[in-house]
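We did not get these values from a lab; they are worked out from the coordinates using the rules stated. The model shown is predicted, which means the values in this text are computed figures rather than measured ones. Methodologically, a virtual Cβ is constructed for each residue, glycine included, from the backbone with ideal geometry; neighbour enumeration extends over all protein chains shown.
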Amino acid sequence: MGLFSCEFNMKSIEGDAYIGYAILPEYRRHGYTEKILRKFIQISTTCHINNIVLDINDSNDPSQRMAIKCGFKKTDREGIVIDDRIKEASPSHL
């Protein structure tokens with residue numbers, strides 16, 4: 001199916017989690033990444049995670065659209081999308 005990874009440094013003051021994923025072509029466009037990402041956002045509200053950072057290539061339009069659909073915002077840094085609403089989010093909003 002693919003790979004979904006998360007890196008979180010418990011000693012980091014920022015409380016950022018870095019997400020990466022790669023989905024095999026035959027499993028793309030089925031909503032799997034969105035479901036996993038939304039579940040991670042929900043779980044993050046109960047942890048010490050302030051921001052979720054996705055590193056998405058600028059040429060990957062489908063992933064960019066999916067991230068924005070899930071509430072992420074593109075920043076000025078190339079290929080980075082950050083969800084800075086984790087601090088205020090609650091599972092009922094997801």
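Details
- For Gly2, the residues whose modelled amide H falls within less than 5 Å of its own, excluding neighbours fewer than 5 places apart on the same chain, are Leu24.
- Length added when fully stretched, Tyr18-Asn60, from 0.36 nm per residue minus Cα-Cα: 13.4 nm
- Computed from backbone phi, the HN-Hα couplings of region 44-51 come to 4, 5, 9, 10, 8, 9, 8, 9 Hz, rounded to whole numbers (Karplus: 6.51 cos²θ - 1.76 cosθ + 1.60, θ = phi - 60°; Gly and Pro given as x).
- Separation in nanometres of the label points that stand 7 Å from Cα toward Cβ, at Met1 and Asp76: 3.9 nm
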